[in-house]
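The structure appears right after this line, and notes come after that.
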Amino acid sequence: MSWIKVSIKGRVVDEKGNPVSYAIVKVSKRIGPPYEVRAELDGSFHSWTPPFTAYDKKKIVKVSISKLGYKPVKLDIDVSKCSTLEEVDLGEIVLESLPEIATIKGVVFDEKTGKSLRDILVKLKKNGISLDEYVTGNDGMFAFKVVEPGKYEIEASTTERIVDMEAGGLYMYFAEKIPLEIKKGDKIDLKIKMRRTYILRSLG
């Protein structure tokens, strides 16, 4: 076969062995755009490599792993002896924590019912650029580490459409944006109310 494509997997942890959830993992060749995935809640990740052909003299996969609040890690993996579709397990990859100056945590809940919301994408942004992301679980909680002071924004959103069995209809949630100015030593605790927007109402 004139090309090979390898499966890369691993688990991202901190110095204490705790999972680093939603770390950004980029997998690339020497030339060309990377494949990008996010680690799961338990720190595990899986990605395919870009395909290598006979024109690639060196079959080196470049793996970079980053997460706000940690020192990034870069790895070069030689896959020249791998067969196509073979799986390469990188095991546990340790990210070293950077000193934090502040923390942001909070909970996302439905404005109407007061119930916590799962599967809400919460982003920590600065100057319009997403620095870190968190997907809420059943408890609706999220948390971020901040390593430098400045102006930030928390954005909570979802594209999921939800059926309201009681009222009859289909609704989504408006994206919520909260500006923050972070100083050293801040411990910010947020309660984010998500407002329903009905896109279909029952006529019955």
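The values are calculated or read from the model by the stated rules, or taken from the named source; none is laboratory data. All values reported here derive from a predicted model rather than from experimental measurement. Quick reminder, even Gly has a Cβ in these numbers, built from the backbone with ideal geometry, and neighbours come from all protein chains shown.
Below are the figures for this structure:
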read-out: Where residue 81 falls short, out of the listed (1) farther than 26 Å from residue 103 by Cβ; (2) in contact (Cβ under 8 Å) with a residue 12 or more places away in the chain; value: (2)
read-out: Pairs, first under 17 Å from residue 23 (Cα atoms) and in contact (Cβ under 8 Å) with a residue 40 or more places away in the chain in the stretch 118-133, second assigned to a loop (DSSP other than H, G, I, E, B) and among the aliphatic types (A, V, I, L, M), C-beta under 8 Å, six or more apart; value: 124/68; 131/68; 132/68
read-out: Unmet requirement for residue 45, which otherwise passes all of (1) modelled with pLDDT of 95 or more; (2) of a type in the set (A, V, I, L, M, F, W, C); (3) closer than 23 Å to residue 102 by Cβ; value: (3)
read-out: Residue match in the stretch 55-66 (condition: over 18 Å from the mean Cα position of the chain (by Cα), of a type in the set (Ser, Thr, Tyr) and at pLDDT below 95); value: yes
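Residue-by-condition table, conditions (1) part of a strand (DSSP E or B); (2) closer than 18 Å to residue 139 by Cα; (3) at pLDDT 95 or above; (4) assigned by TED's automatic domain parsing to the domain that holds residue 112:
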site	(1), (2), (3), (4)
152	yes, no, yes, yes
160	no, yes, no, yes
163	yes, no, no, yes
167	no, no, no, yes
170	yes, no, no, yes
178	yes, no, yes, yes
181	yes, no, yes, yes
189	yes, yes, yes, yes
192	yes, yes, yes, yes
